[in-house]
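Below: the structure, in structure tokens.
The values are calculated or read from the model by the stated rules, or taken from the named source; none is laboratory data. The shown structure was predicted, so the numbers you read here are calculated from the model rather than taken from an experiment. Quick reminder, even Gly has a Cβ in these numbers, built from the backbone with ideal geometry, and neighbours come from all protein chains shown.
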Amino acid sequence: EIVPGAGQIPGSRPRAVEGGRSFAFGDIEKGSAVPAFMRDPGRAMALLDVSLVIQTLVALGRAGLDAGMDVYTEGGFRRNRDYTALLAAALPGNSTYVTDLAEATSFGAAMCAVAALEGLEPAALAERFEVDYRNIAPMAGAAGFAAYSDEWLRLVGGAC
């Protein structure tokens, strides 16, 4: 986590690990110790996507995701094709989709407000709008992702 105590891995130290060496976020931020992968913007973005997918998997697991359940990505993340394709690859037992909701949090807040004002359950508003979605194909070549994710979580768990 970048902000200690927040997010899916509370208690973990903000850092990057490369080649067995740990780089503290503060040192990276100051430029005093920067891992080599961060000097390659494409590689850095790919590793950020991997980190975000792993954190998403932790959150989905905590929320009770089971095999066969559909997973929808909304808002800004729906435009990150690498993230959504890697998430699809990481969830082979689930169908994954992106929606056309550009501002999903705002949309959800507005739905809750209308439901509260009208004394309805949010699900009762479903007939008032339409959400388009499309299925996401899993990223090719991501067969080793589960083992990588397990090791990533083991390392982070050791830092908690």
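With a requirement of 1 or more residues that are in contact with a strand residue (DSSP E or B) (Cβ under 6 Å, 6 or more places away or on another chain), polar (S, T, N, Q) and surrounded by 17 or more Cβ atoms within 10 Å (Cβ to Cβ), the strands (runs of 3 or more DSSP E) lying completely within segment 1-106 that satisfy it span 71-73, 96-99.
When A102, A147, A137 are checked against the criterion of being closer than 29 Å to A6 by Cα, under 18 Å from the mean Cα position of the chain (by Cα) and touching a residue at least 12 places away in the same chain (Cβ under 8 Å), A102 stands alone in meeting it.
Among the listed residues V98, V156, which satisfies the condition of being of a type in the set (V, I, T), at pLDDT below 90 and under 25 Å from A44 (Cα atoms)? Break it down into steps so the answer makes sense when it comes.
Working: V98 fails: at pLDDT below 90.
Selected residue: V156, the only one of V98, V156 that is of a type in the set (V, I, T), at pLDDT below 90 and under 25 Å from A44 (Cα atoms).
Kindly indicate whether E103 is touching a Gly at 6+ places or on another chain (Cβ under 8 Å) and of a type in the set (D, E). Show your work before the answer.
Details: touching a Gly at 6+ places or on another chain (Cβ under 8 Å): yes; of a type in the set (D, E): yes.
When the stated conditions are applied, E103 passes them.
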